[in-house]
Amino acid sequence: MIVARDISGKEETVMPYRWSANTVFTRLDFNVEDGWCQTCGCKLTVCDHRHRRLFTLNGPVHVVCKLAHCPQRVCPAHTQTHSPEAETARAMPWWVLGWDVVCWLGHRRFSRHWSVGQIRTELADTYQIVLSDDAIERYIHRYQQMLAARQQDPQRLAAAYADVDAVILAIDGLQPEKGHETLYGVRELEKKRVWFAEALLSSATAEVQQLLARARSWAERLGKPVRLWISEKQEAFVCGIAAEFPGVPHRYCANHFLRDGAKPVLDADSRAKVQMRRKVRGLRTIEREVFAAQRGAAQAALAAAHSEAARPNAVPADEVTQAVELEYCAAIRGILNDDQGGPLHPPGLRMAEALEDVHASLQRNLEAKKGG
Ligand SMILES: [Zn+2]
C-alpha cells in the first residue's frame with residue numbers, strides 16, 4: 001500500500017502546471033475499486049470528481065477520479081470520501097508527472113549520470129514535456145526519497161539477505177565543508193548496500209550512538225549476527241560500537257589505515273628525493289662543457305674547410321662521446337624531475353632505482369673501455 005505523505009511541507013502546494021491551450025489530453029476515468037461501504041454494506045455512490053492533468057511518456061492525460069461515499073446519513077462512514085487507488089498508481093498527489101516520467105528521469109540522472117539540462121532537453125525533444133530545471137530537480141529529489149524507501153523496505157531487505165549468514169557493518173562520516181553537517185552512512189559489506197545515512201550536526205558520541213542502535217535493530221530484524229564492524233578509529237565509533245555490539249570485533253578500516261600511514265611514507269620519500277637531487281648535481285656544467293667543445297670543433301671544421309684541408313669522412317670519436325654524455329644528462333634530468341606516484345608507488349623509491357640503473361650502466365661502459 002502506498003502512503004502519501006507531505007514530505008517537505010508547503011513546498012508541495014506550488015502553483016499548478018500551466019498547460020498550453022492546445023494541449024490534447026487522453027482522458028482516463030477511475031472508479032473506486034471496492035464499491036461497497038465497509039461499515040454498513042451499502043453501495044457507495046459518486047459524490048465528487050477530481051480532475052488531474054498529468055504528463056506521461058505516452059502523452060498528456062486527463063485523469064478523472066470518481067470519488068465515492070456511503071449515501072446512508074445514519075452510517076458512521078457517511079462523511080468518509082473514497083478515492084480510486086488507480087490514481088496513485090498513475091501519479092502521487094500534487095505531482096504533474098506520472099510515475100513513468102519520474103522513473104525515467106531518475107534513471108537517467110543516477111544510472112546514466114545525465115545532467116539536469118540534458119534531461120530537460122531530452123524530455124522536451126522526445127516527449128514534448130516542457131519543464132524547468134528546478135521542477136526537474138524537485139522530482140529527482142522525490143525519486144531519491146522513493147528509492148531510499150524501497151532500499152529500506154524490510155521485506156526487500158530480508159529477501160536480499162536470505163543467503164547471508166552474518167553481516168559486516170561499516171560506518172563513516174563525510175563532511176563536505178568545515179562547519180557543515182556531517183553525513184554519516186552505515187553500510188553493509190557482504191551485500192555492499194548502504195543501509196541508511198543521516199546528516200548529523202555533531203559527531204558527539206550520543207548522536208552517533210543513535211545510528212549504531214538503529215544498525216543493531218536492523219540486524220536484529222533481519223535475524224543476522226554481526227560478524228565484524230569496520231570504521232575509522234574515532235572515539236565515538238570505538239565507544240559506541242563497543243557499547244552497542246559487545247563482543248563484536250571492530251577493525252580499523254584499511255582505507256583510513258593506508259591514508260594515515262601514507263603521510264609519513266610520503267614525507268620520508270620526499271626527504272630522500274631532496275638528498276638524491278643534492279648528490280646528483282653538475283648536469284648543467286657537463287652539458288655546458290660539451291656544448292663548448294662542440295662549438296670549438298665546428299669552428300675548427302669551418303677553418304679547415306676554408307684552408308681546403310682534407311677532412312676525414314669518419315665521425316670523430318669525440319663527437320660520439322659528446323652525444324652519449326648529453327643523452328645521459330637528459331635521462332638523469334628526467335629521473336630527477338619524475339614526481340608521479342602515491343604512497344603505494346613512492347616516486348623517491350623509483351628515483352633511487354633508476355639512478356642505480358644509470359650508475360650500473362656507466363660502470364659497464366667504464367669496464368668495457370678498460371677491456372679495450
Ligand atoms: Zn455505510
Looking only at segment 15-42, how many residues end up being in contact (Cβ under 8 Å) with a residue 24 or more places away in the chain and in a strand (DSSP E or B)?
6
Of the conditions (1) surrounded by 14 or more Cβ atoms within 10 Å (Cβ to Cβ); (2) on the phi > 0 side of the Ramachandran plot, GLY179 fails just one. Which one is it?
(1)
Might you check whether a residue that is surrounded by 10 or more Cβ atoms within 10 Å (Cβ to Cβ), of a type in the set (Phe, Trp, Tyr) and in contact with a helix residue (DSSP H, G or I) (Cβ under 6 Å, 6 or more places away or on another chain) occurs anywhere in segment 229-249?
yes
Check on LYS263, assigned to a loop (DSSP other than H, G, I, E, B) and either free of Cβ contacts under 8 Å to residues at least 60 places away in the same chain or of a type outside the set (Asp, Glu) (or both):
no
In segment 113-126, is there at least one residue being within 17 Å of LEU147 (Cβ to Cβ), at pLDDT 95 or above, open to solvent by 40 Å² or more (accessible area, probe 1.4 Å) and not hydroxyl-bearing (Ser, Thr, Tyr)?
yes
Out of the residues in segment 66-92 that are assigned to a loop (DSSP other than H, G, I, E, B) and open to solvent by 20 Å² or more (accessible area, probe 1.4 Å), which is farthest from the ligand (Cβ to nearest atom)?
GLU85
When residues of segment 17-47 are limited to those that are of a type in the set (A, V, I, L, M) and more than 18 Å from VAL63 (Cβ to Cβ), the one modelled with the highest pLDDT:
LEU44
Consider GLN340 against the criteria (1) open to solvent by 80 Å² or more (accessible area, probe 1.4 Å); (2) closer than 30 Å to ASP260 by Cα; (3) modelled with pLDDT of 85 or more: it satisfies all of them except one. Which criterion is unmet?
(3)
Looking at (1) modelled with pLDDT of 85 or more; (2) loosely packed, with under 12 Cβ neighbours inside 10 Å, which is the only condition LEU349 fails?
(2)
Filter segment 43-65 for residues that are at negative phi and within 37 Å of the chain's Cα centre (by Cα); which is farthest from the ligand (Cβ to nearest atom)?
LEU57
Without any contact (Cβ under 8 Å) to a residue 12 or more places away in the chain and either within 16 Å of the ligand (Cβ to nearest atom) or closer than 30 Å to ILE136 by Cβ (or both): does that describe GLY98?
no
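The values are calculated or read from the model by the stated rules, or taken from the named source; none is laboratory data. Just so it is clear, the model here is predicted, and its values are computed rather than measured. Here Cβ is always computed from backbone atoms with ideal geometry, including for glycine, and neighbour counts include all displayed protein chains. Calculation scope for accessible area: heavy atoms of the full protein, side chains included, ligands and nucleic acids excluded. Shrake-Rupley method; radii C 1.70, N 1.55, O 1.52, S 1.80 Å.
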